[in-house]
Amino acid sequence: MKFKIKYADQIVGLFIIVALAMLAVIVILVGVNQRWFAKDYSFWTVFSSANGVSPGTAIVMNGFTVGKIDKISLNDDNKVDVYFHIYDTYYHLVRRYSLLELTVSPIGLGSSLLFHPGTGDEPLPEGEFIATADSADGQAWIEQGLVLIPPKDDTITRLLAGVNPLLENVNKTVVTINRTLTEVNRALAGQSSGPAGTIVEDLSRGVAKIPRTMDRVDAIVADVQARTAGLLDQVSSLVLALQVVTKDVGTVTGNLALASDELADPTGLIPKLLDPKGSLKTLLDDDNALYKHIISIVEEIEAAVRSLQGIVTGLNGEMPKIAAVLNETRVAIQQAQDVLEGVKNNPLIRGGITESAEQGSLYGSMREGSFE
Amino acid sequence: MPDATAATAAIELRDATAVSGEYEVFKRLSVAFPEGATTVILGSTGSGKSSLIKMAAGLLPPAEGVVLFRGQDMGRFGRKEELAFRAASGFVFQDAALWANTSIQDNVAIPLRVHQPKLNQAELAEKVRATLSRLGWTEGLALRPVDLSSGEQKLVSIARALVHDPSLVFMDDPGSSLDEDSMDKLYEVLSELKSRGKTVIITTNNSELAYRYADCLGVLKSGALLAFGRYEETVAKAESELDVTLARLRARGDRVGPKPSAGQAEAGSEMSQRSDV
Amino acid sequence: MKLLSSLGSKARSYSSRLLYALGFFYEVLKETGRFFRKSQVGYWVLRNQILFTGYEALGITAIMAIAIGAAVNVIGSSIQQQFGQSQLMYSMLIIVITRELGPLLTAFVITARSGTAIATELGTMVVHHEIEAYMAVGLNPISYLVVPRVIGVTVSIVILTVYFNLFGLLGSYVVAQFLNPTPTPIIEYMGKLLSILTVTDVLSGIMKALVFGMVVSVVSTYQGFSVNRASTEIPVAGIRAVGQSFILIIVTDVVVTLMQYA
């Protein structure tokens with residue numbers, strides 16, 4: 001069988017040239033599409049972890065790719081320096097307060113790096129640092145509304161955005177509680193030199209001192225009681241004297257009223273009064289004995305009232321302090337009771353300190369209440 | 001070894017052994033083919049003629065021993081020496097060995113393209129045509145070997161071996177597959193080669209060729225060179241194994257045709273001193 | 001003892017074959033380097049090789065590429081829509097077609113077509129003494145026969161891989177338009193594809209094609225020359241050429257992929 005191939009050279013040449021041409025076209029189109037010759041603006045940021053962040057990861061804003069990550073590296077603080085570029089068409093969005101946010105797909109299909117433009121006036125110069133959304137600055141800017149963050153696209157992401165901080169806080173709390181309990185345990189075991197250990201030590205010393213303190217408190221309370229009793233006796237005797245004086249004053253007032261009646265009656269009282277043998281002359285002619293007696297009574301009343309005033313003032317002055325002392329003593333005793341109970345009921349074994357009902361103060365004054 | 005012998009040997013095998021797979025064709029064979037002479041090796045089928053001539057042509061490396069081309073070890077040839085040797089030699093294969101995917105024209109032209117690359121297309125074509133026409137082949141140059149009979153293929157093969165005018169020609173049973181007319185063409189070619197003093201080495205089982213053209217004659221049997229030397233001297237030797245082979249030649253008596261030159265005759269006699277007989 | 005000696009002789013023959021194969025490969029590389037520096041009678045062989053291996057395989061390559069691209073698109077779309085990740089379709093297409101299946105399937109096609117052809121052709125030439133004839137006229141069979149085939153097959157596979165990528169990516173689009181209720185405009189499709197396609201993807205596919213081309217051609221020529229004298233060895237050489245080529249293509253695919261992704 002013969003076979004001849006005409007134009008073999010041309011066919012082979014065309015075959016090769018068309019392929020090379022298409023390759024060149026593809027390379028050019030790729031270059032155009034991937035903006036090889038466009039100007040990109042480089043920036044950098046810091047992430048705590050490189051998970052979800054790798055060279056070539058797209059930076060997305062509102063569904064548009066606005067840039068890409070160029071390089072990542074671990075810095076001296078064990079954080080990840082991320083260098084990225086933003087395309088020139090979106091450079092005007094890179095302003096002060098711009099943020100980067102890393103979101104992870106809930107179904108494990110990768111992560112995306114979101115860009116949130118800031119509300120600053122001028123674009124950031126190339127090479128500047130851009131904060132992340134979970135940094136302190138980023139959180140602050142978000143709270144102050146300096147960053148334009150669109151609502152999340154899908155329900156799951158939104159839910160997770162709310163749940164995530166909650167979970168973080170819970171996590172932190174659990175960690176803190178754990179640490180605290182560990183520390184308390186160590187302190188109780190006498191192995192801790194930290195604050196809990198110090199507290200337990202102080203507590204044990206304090207507990208040791210409580211009986212003495214209680215004795216002193218008893219003594220103070222007895223003293224106060226005695227004083228107050230004395231004061232109360234004085235007060236009650238003053239009150240009695242006051243009652244007597246009031247009675248006398250009442251009597252005098254009554255007599256004065258009678259006298260004014262008599263005086264009002266011109267036919268009766270005045271002649272009686274002006275009668276040299278009348279009671280008034282007798283009254284006025286006793287060498288000021290009655291006058292002196294009245295003066296002395298008034299002076300006694302004045303003195304009594306003054307001392308009453310002083311006692312009352314003193315009491316008033318002392319009352320808050322006494323009340324405060326009593327209150328503090330009461331609170332201290334209660335706290336000591338709580339601590340003892342708490343120590344007795346170790347949470348790891350039994351379950352915490354039982355709630356005690358708060359008892360209000362007996363000697364309440366305006367100062368103790370709130371001004372609502 | 002006499003210096004004169006080494007100087008006039010175009011090709012020399014020294015203690016050469018040829019193996020084909022695990023089969024030893026011949027062992028420790030030494031022979032020197034004189035320069036400018038036509039040497040014919042007679043041998044029956046399976047005697048090792050093809051292996052001997054291929055080894056002499058550098059196509060079959062010896063398992064042992066050396067093959068010398070004008071005193072140089074062919075086993076140590078670099079690319080340049082190899083190419084120089086090929087430019088100076090031509091080989092006619094027993095089964096023509098034309099390139100199946102190439103036209104007759106190209107089959108014959110390829111040696112010219114290799115050894116005379118400066119020829120332009122027209123000169124090339126002319127040389128090819130001239131060579132083929134010497135062998136009676138004037139048309140059908142575009143045909144492929146598969147279109148030719150085995151005799152025609154052999155003629156083309158001979159043309160291919162001679163197109164670049166080599167000084168050394170190897171022919172492995174050139175007369176096989178040729179009809180009488182083609183044989184006549186072959187005889188003409190051999191006469192011309194002989195008259196121009198070319199070194200021709202022929203292996204054949206055809207005593208006619210030996211009779212007509214051999215300056216040196218060798219007899220190969222079962223891998224052993226039973227006789228080698230000048231034609232007349234070798235034919236005159238009456239060894240028992242050679243009787244059947246040489247009886248025919250003896251019967252033909254003195255040869256009619258161009259006698260070997262004096263130099264070739266001396267070389268032939270010196271060769272006979274070195275044969276393993 | 002017999003077992004030991006047979007094991008030993010097998011090991012020796014295997015290692016000598018391996019050494020020979022490595023030597024052959026080295027010679028091929030050496031002559032390939034020289035090929036373009038001298039005036040070439042091998043040019044015709046090269047041209048014919050590209051014609052047969054490359055141009056004539058274009059049809060089957062195109063059909064295969066379109067089919068594969070369409071299949072990847074259809075299957076991938078249905079899965080990815082469930083995750084709302086239809087954007088990954090383009091990445092998948094590029095990785096599957098450009099980086100992996102393009103060069104691999106092209107190499108398989110070329111092995112099946114040209115690998116057998118080269119091995120059987122060279123085997124036949126050995127049996128008919130044509131190789132000796134080349135040697136007799138001063139042509140190094142490796143530089144005249146093997147190197148043009150190596151270059152031709154390698155160039156053909158590389159060019160066909162480019163066509164495969166093109167037909168695969170475009171074919172995927174064409175078929176998807178028929179199946180998709182809301183067809184995508186081609187500009188949008190090409191735009192998204194080109195925004196994800198990188199030169200690395202294209203070059204990695206081409207590099208693989210280069211390696212595969214070398215593998216197929218060297219193995220096929222080696223097997224072709226391994227024929228000794230009997231014509232019954234010729235089909236055996238063809239079968240061996242294909243089998244060894246497939247295995248080596250897959251192994252080199254893994255190696256090159258590991259190197260690229262390391």
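Given the options B:Val31, B:Val67, B:Val25, B:Val40, name the one that is in a strand (DSSP E or B), within 20 Å of the chain's Cα centre (by Cα), modelled with pLDDT under 90 and of a type outside the set (S, T, N, Q).
Checking each option against the conditions leaves just B:Val25.
Would you check if there is a residue in region C:190-210 being within 11 Å of another protein chain (Cβ to nearest Cβ) and in contact with a Gly (Cβ under 6 Å, 6 or more places away or on another chain)?
Among the residues of region C:190-210, at least one is within 11 Å of another protein chain (Cβ to nearest Cβ) and in contact with a Gly (Cβ under 6 Å, 6 or more places away or on another chain), which makes the answer yes.
Residue check: is C:Phe178 in a helix (DSSP H, G or I), more than 8 Å from every other protein chain (Cβ to nearest Cβ) and under 26 Å from the mean Cα position of the chain (by Cα)?
For C:Phe178, the condition - in a helix (DSSP H, G or I), more than 8 Å from every other protein chain (Cβ to nearest Cβ) and under 26 Å from the mean Cα position of the chain (by Cα) - is not met.
Out of curiosity, is C:Ser217 outside any helix (DSSP H, G or I) and either in contact with a Ser or Thr (Cβ under 8 Å, 6 or more places away or on another chain) or charged (D, E, K, R) (or both)?
Spelling it out, it is not the case that C:Ser217 is outside any helix (DSSP H, G or I) and either in contact with a Ser or Thr (Cβ under 8 Å, 6 or more places away or on another chain) or charged (D, E, K, R) (or both).
Looking at (1) under 19 Å from the mean Cα position of the chain (by Cα); (2) not in a strand (DSSP E or B), find the lone condition where B:Ala125 falls short.
Only one criterion in (1) under 19 Å from the mean Cα position of the chain (by Cα); (2) not in a strand (DSSP E or B) is unmet by B:Ala125, namely (1).
Do you know which residues across region C:158-175 are at the interface with chain A (Cβ under 10 Å from one of its Cβ atoms) and under 15 Å from A:Ile26 (Cβ atoms)?
Within region C:158-175, C:Val158, C:Ile159, C:Thr161, C:Val162, C:Tyr163, C:Asn165, C:Leu166, C:Leu169 qualify.
Any chance region B:134-142 includes a residue that's among the aromatic types (Phe, Trp, Tyr) and more than 10 Å from chain C (Cβ to nearest Cβ)?
Taking region B:134-142 as the starting set, the residues that turn out to be among the aromatic types (Phe, Trp, Tyr) are B:137.
Okay, now just the ones that are also more than 10 Å from chain C (Cβ to nearest Cβ), so B:137.
Yes, region B:134-142 contains at least one residue that is among the aromatic types (Phe, Trp, Tyr) and more than 10 Å from chain C (Cβ to nearest Cβ).
Do we find a residue being surrounded by 21 or more Cβ atoms within 10 Å (Cβ to Cβ), small (Gly, Ala, Ser) and more than 12 Å from chain C (Cβ to nearest Cβ) anywhere in region B:144-161?
The answer is yes, given that some residue of region B:144-161 is surrounded by 21 or more Cβ atoms within 10 Å (Cβ to Cβ), small (Gly, Ala, Ser) and more than 12 Å from chain C (Cβ to nearest Cβ).
Would you check if B:Ile11 is within 27 Å of B:Leu112 (Cα to Cα) and not in a loop (DSSP other than H, G, I, E, B)?
Criteria met by B:Ile11.
For A:Ala24, only one of the following conditions fails: (1) within 30 Å of C:Leu160 (Cβ to Cβ); (2) crowded, with 17+ Cβ neighbours inside 10 Å. What is its number?
So A:Ala24 meets the others, but not (2).
Out of the helices (runs of 4 or more DSSP H) lying entirely within region C:98-146, which hold 2 or more residues that are touching a residue at least 40 places away in the same chain (Cβ under 8 Å), touching a helix residue (DSSP H, G or I) at 6+ places or on another chain (Cβ under 8 Å) and facing chain B (nearest Cβ under 10 Å)?
Once the helices (runs of 4 or more DSSP H) in region C:98-146 are filtered for at least 2 residues that are touching a residue at least 40 places away in the same chain (Cβ under 8 Å), touching a helix residue (DSSP H, G or I) at 6+ places or on another chain (Cβ under 8 Å) and facing chain B (nearest Cβ under 10 Å), what remains is C:116-127.
The values are calculated or read from the model by the stated rules, or taken from the named source; none is laboratory data. Treat the numbers as computed from the prediction; the structure is a model and nothing was measured. Every residue, glycine among them, receives a Cβ derived from its backbone with ideal geometry; neighbour counts consider all protein chains shown.
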